[in-house]
1. For Ala61, indicate whether it is in contact with a Ser or Thr (Cβ under 8 Å, 6 or more places away or on another chain), touching a residue at least 12 places away in the same chain (Cβ under 8 Å) and surrounded by 19 or more Cβ atoms within 10 Å (Cβ to Cβ).
2. Can you run down the residue pairs with Cβ atoms below 9 Å, 6 or more apart or on separate chains, where the first is in region 158-170 and over 14 Å from Glu58 (Cβ atoms) and the partner is open to solvent by 80 Å² or more (accessible area, probe 1.4 Å) and at pLDDT 95 or above?
3. For Gly89, state whether it is more than 22 Å from Val24 (Cα to Cα) and touching a residue at least 40 places away in the same chain (Cβ under 8 Å).
4. Can you pull out every residue in region 110-162 that is on the phi > 0 side of the Ramachandran plot, assigned to a loop (DSSP other than H, G, I, E, B) and at pLDDT 95 or above?
5. Is there any pair linking a residue in region 36-53 that is over 23 Å from Val153 (Cα atoms) to one that is open to solvent by less than 50 Å² (accessible area, probe 1.4 Å) and at pLDDT 95 or above, with Cβ under 6 Å and at least six apart or on different chains, and which?
6. Please specify each residue of region 113-136 satisfying the condition of being open to solvent by less than 20 Å² (accessible area, probe 1.4 Å) and under 18 Å from the mean Cα position of the chain (by Cα).
7. Just checking, does region 17-24 include any residue being over 18 Å from Asp138 (Cα atoms), of a type in the set (S, T, N, Q) and either in contact (Cβ under 8 Å) with a residue 12 or more places away in the chain or not in a loop (DSSP other than H, G, I, E, B) (or both)?
8. Between a residue in region 97-110 that is hydrophobic (A, V, I, L, M, F, W, C) and any residue that is in a helix (DSSP H, G or I) and modelled with pLDDT of 95 or more, which pairs come within a Cβ distance under 6 Å, given they are 6 or more apart or on different chains?
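The values are calculated or read from the model by the stated rules, or taken from the named source; none is laboratory data. Just so it is clear, the model here is predicted, and its values are computed rather than measured. Note that we place each Cβ from the backbone using ideal geometry, even for glycine, and neighbour counts take in every protein chain shown. Accessible surface is based on the protein model in full, side chains and every heavy atom, while ligands, DNA and RNA are left aside. Shrake-Rupley method; radii C 1.70, N 1.55, O 1.52, S 1.80 Å.
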Amino acid sequence: MKKLKSSIIVIFFLPLFAMGNPVVGFQVGNIAPEIIAKNYKDSLIKLSSLRGKVVLIEFWASWCTPCRNENPEHVDVYKTYKDSVFSSGSSFTIFSISLDMENGKNAWLSAIAKDSLIWPYHVSEFKGWKGKISKKYDVKFLPANFLIDGNGVIIAKNLRHEHLPDTLNSILAKNKPQGNKIQDAPLPRSERKNPPAEKKENPQQTSAGILNEKRRYGNNFLC
């Protein structure tokens, strides 16, 4: 009887133990695999060095047209949320992994500059689809991304357009200092409208215009 009770206790606690320790993997709920790669200055950068921040892990390449089309939206999102406080992270940043080849290094650097990718975390193995990092994350297409919280847990995958700011809004800290309000999600650039033209002032309605009209018409001018 005692042996049976012991077995029941072990079986009961095993799922709880497993739930409290997410496995390393590329699915939502997993701990994001470590990334160690060189940036454009040949310095090694670790994904784990960003622990405590909400991070968008972005796989892209300079030759990938859909990636380049999305870059302006990512710049807008970065500027909007980089200093925000989240329920599981102190700020937001982007960690970009390029799938360019060795002979595409200059094109990679040019794309970073041309698209104004102002966050500091840009790395590449220069091995295209054969790189170890893309295989770790089972990347089959570009662009591909993984959003991780401050604990390194994947909370969403392959967020496109408005889904990225919507998701970031949903994890903003509830008890934030005043001034760190929930941000309005940046509109996709294709949906933005030109600001209305400034209304020009009628010169006859200004004080100078009235004075000129009085001089012109004398006492017959009524104001």
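1. Judged against the criteria, Ala61 is a match.
2. Filtered contacts from region 158-170: no entries.
3. No; evaluated as a whole, the condition is false for this residue.
4. Ser116, Phe126, Asp138, Gly152, Asn158 - these are the residues of region 110-162 that are on the phi > 0 side of the Ramachandran plot, assigned to a loop (DSSP other than H, G, I, E, B) and at pLDDT 95 or above.
5. Pairs that qualify, where the first residue is over 23 Å from Val153 (Cα atoms) and the partner is open to solvent by less than 50 Å² (accessible area, probe 1.4 Å) and at pLDDT 95 or above, are Asn39/Ile45; Asn39/His122; Asn39/Val123.
6. Scanning region 113-136 gives Leu117, Trp119, His122, Val123.
7. No.
8. Sorted first by the residue in region 97-110, then by its partner, the pairs are Ile97/Ile133; Leu99/Gly128; Met101/Gly128.
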